[in-house]
Structure formats: structure tokens, C-alpha cells
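Right, one structure below, let's go through it.
The values are calculated or read from the model by the stated rules, or taken from the named source; none is laboratory data. Being a predicted model, the structure only gives us computed values, none of them experimental. With ideal geometry, Cβ positions are generated from the backbone for all residues, glycine too; neighbour counts draw on all protein chains shown. Side chains are part of the model used for accessible areas, which takes the heavy atoms of the whole protein and leaves out ligands, DNA and RNA. Shrake-Rupley method; radii C 1.70, N 1.55, O 1.52, S 1.80 Å.
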Amino acid sequence: MSVADYMTPRLVVVSPKTTISVAVELMKKNAIHRLPVMAGHRMVGIITHGIIQRAMPSQATSLSVYELNYLLNKTTVDQIMETAVQTVAADAQLEVAIATMRRHKIGVLPVMTADQVVGIITNNDILDAFLNIAGYGEPGIVTRVVVHHDHVGVIFEIGKVLAEHDLSIQTLMVVNHQATKVIELHVNSEQAVAVNQVLSRAGFEVQPVSD
């Protein structure tokens, strides 16, 4: 799974001399919280809702609404933007983006191909990716196979047993615990009972999961 599979390719950007008021309106209009700052085809920074909030006077300020509006209309993006921008390559694995976000405690990464910005990936995109990988919302039932003594070919063995009985797996995830491995199978609802029975007879420890 690459970053390109789950990034948002439609970019909404601003230039360095865009005013804060225009940037805020763009965020509201497009229901987003971050904007790459572009000087021509080169990214020079990023502006976020959080950066704007931190740069503006607090609610306890003595400034009037007119003075605040004046400030928003006079301050430009390049005066407050973040210039040390973390990025990720479009062909990088999704977990690289996740690790980068966690390491730097950020929620967005511009996506690059060479030196060109081709998209943006946010924490919401990554959550959507997880739901997609897990098959959430798709018809079916999850069955868990608990493996206490992991060995080479265990997933192949599960697939082989099911294939021999004309049963299929829609999606598969592996969760590693300290001493065990849990293999979660998303299977067709109509085949769920048969899947559990077949795997149990084959010697696998099966834990059906309720909806």
C-alpha cells in the first residue's frame, strides 16, 4: 500500500503573499485545515488552522473586531507559515507516512514526486485507509484465528484449507501479540459458519467475532 493509493491528489494551495483572511476562507470553503504554500511550482511552506490560531491574538485581546479584521487582511501567509515542512514520497509505503507523522507529532504530509507536490495525506486519509484495508462497511463477518506457535506457511495453510472447501477470504489482517499471532479473516456472511467449522476441524483455534 503506497501513499499514492490513499493521498488526496486535489490540491488547494496559496502563495506566500496570500493574506490570512483569504487562507481562512479557502479552508472554510473546501472544508480543510491545511494549505501548502507554493512559489510557482516550488513548495516553500505550509499554513494550517492551528498555525493561524497561534499567530492571532487570543480571545482576551483588547483589539476590536475591526482591528482583528485589519490584522487578518494585512498579515500574509509567509509571515507565519511553517517552512520546515515534513514530506513523504508518493511511492513510499503507507506506514512510512504514519511513522513520520508520529515522530514529528503532525497530522499532514505533502506528497512528493521528485521535487513536485502531487498530493497531500492527512491523519484522516490514514484512518480511511485502515477502514478500507479492514473491509469495514463491506458485507461480511470477521473470524479470528489464534496462532500460539507461529511457523512458516501458516497463512498459506489457512488459505489452502478454505480453498479446498470452495470458501474464500475477502480481506486478511495479522495482529502480533507477545506470544501469539491473531489472523483476522473478513469472510462472506453466508460462508461464515462453514469457514469456522472447516478451520476448527483442521486444528485451528477459531474465535468468531460478533458484529
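If you go through the stretch 188-211 and keep only what is at pLDDT 90 or above, within 14 Å of ARG144 (Cβ to Cβ) and of a type in the set (A, V, I, L, M, F, W, C), you end up with VAL195, LEU199, PHE204, VAL206. For the stretch 45-81: of the residues being assigned to a helix (DSSP H, G or I) and within 18 Å of ILE106 (Cα to Cα), which is modelled with the highest pLDDT? Top of the filtered list is ILE80. Condition check: modelled with pLDDT of 90 or more, out of contact with any strand residue (DSSP E or B) (no Cβ under 6 Å at 6 or more places or on another chain) and either more than 28 Å from GLY40 (Cα to Cα) or of a type in the set (A, V, I, L, M) (or both). Does PHE156 satisfy that? It is true that PHE156 is modelled with pLDDT of 90 or more, out of contact with any strand residue (DSSP E or B) (no Cβ under 6 Å at 6 or more places or on another chain) and either more than 28 Å from GLY40 (Cα to Cα) or of a type in the set (A, V, I, L, M) (or both). Within the stretch 142-172, if we keep just the residues that are open to solvent by 50 Å² or more (accessible area, probe 1.4 Å) and in a strand (DSSP E or B), the residue that is nearest to VAL209 (Cα to Cα) turns out to be ARG144. With the requirement that a residue be closer than 11 Å to VAL44 by Cα and surrounded by fewer than 17 Cβ atoms within 10 Å (Cβ to Cβ), what does the stretch 74-84 give you? Those that are closer than 11 Å to VAL44 by Cα and surrounded by fewer than 17 Cβ atoms within 10 Å (Cβ to Cβ): GLU82, THR83, ALA84. Looking across the stretch 85-119, the residues that are of a type in the set (Gly, Ala, Ser) and open to solvent by less than 70 Å² (accessible area, probe 1.4 Å) come down to ALA89, ALA90, ALA92, ALA97, ALA99, GLY107, GLY119.
Pairs only if they're at least six apart or on different chains, beta carbon under 8 angstrom, first in the stretch 1-29 and over 24 Å from ILE126 (Cβ atoms) and basic (Lys, Arg), second in a helix (DSSP H, G or I) and open to solvent by 30 Å² or more (accessible area, probe 1.4 Å); list them, first residue then second. Filtered contacts from the stretch 1-29: LYS17/ASP78. The residues of the stretch 19-54 that are buried (at least 19 other Cβ atoms within 10 Å of the Cβ) and hydroxyl-bearing (Ser, Thr, Tyr) amount to a single one, THR48.
Within the stretch 197-208, one or more residues are touching a residue at least 60 places away in the same chain (Cβ under 8 Å), over 23 Å from LEU94 (Cβ atoms) and of a type in the set (S, T, N, Q).
Looking at VAL147, is it over 15 Å from the mean Cα position of the chain (by Cα) and at negative phi? Walk me through how you get there before you give the answer.
Numbers: over 15 Å from the mean Cα position of the chain (by Cα): yes; at negative phi: yes.
It is true that VAL147 is over 15 Å from the mean Cα position of the chain (by Cα) and at negative phi.
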